[in-house]
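These notes concern the structure reproduced below.
Bear in mind these aren't lab numbers, they're just calculated from the coordinates by the rules spelled out. None of these values were measured; they are calculated from a predicted model. Because the Cβ atoms are built from the backbone with ideal geometry, glycine has one as well, and the counts that use them run over all protein chains shown.
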Amino acid sequence: MVHIIASAMEILNIENTPKTPSVKFNGKQGKLEVKGRSIPENSVEFYRPLIDCLGQYASNPVSPTEVDFQLEYFNTSSSKCIINALKVLETIHKKGTEVIINWHYEDGDDDMKDSGEDLQVNVSLPFNFKKI
């Protein structure tokens, strides 16, 4: 279920399902969390509300903007959508707003750490890799 609160899409809350992560975005605080498993049937449709919120947020971002990814698994189509979200965040960063990307991965899950490193190559954003 998607909850969008406020006319400027300052708050977005998407509840997780077995195939989709929870997405919590608070534009007033500059906080985004994406957590869980991301294998939706239609990644573009699933991530569209987030991309739209970030696009509007880009006009008046909070510094620092802090993003926490804590994914168990994501498929190729999700990675493309995550890159699109990161590109919006990159635009915010290039305009002078501090953007912090925290990529959380479980101890021993080198594949998930590698996936974060692969995403990092696509954007000019600093990533913090955090073992949990």
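Loop-located GluC sites (Glu not before Pro) across the stretch 16-77 with a Cβ neighbour count of 10 or fewer within 10 Å are 41, with loop assigned by DSSP. Restricting the stretch 47-129 to trypsin sites (Lys or Arg not before Pro) that sit in a DSSP loop and have at most 16 other Cβ atoms within 10 Å of their own Cβ leaves 95.
With one equal scatterer per alpha carbon and no solvent term, the Debye-computed log10 I(q)/I(0) for the chain at 0.11, 0.15 1/Å reads -0.34, -0.65. Separation of the stretch 21-58 and the stretch 64-132, taken as the distance between their Cα centroids, equals 13 angstrom. The GluC sites (Glu not before Pro) of the stretch 93-124 that DSSP puts in a loop, and whose beta carbon has at most 15 other beta carbons within 10 Å, are 98, 106.
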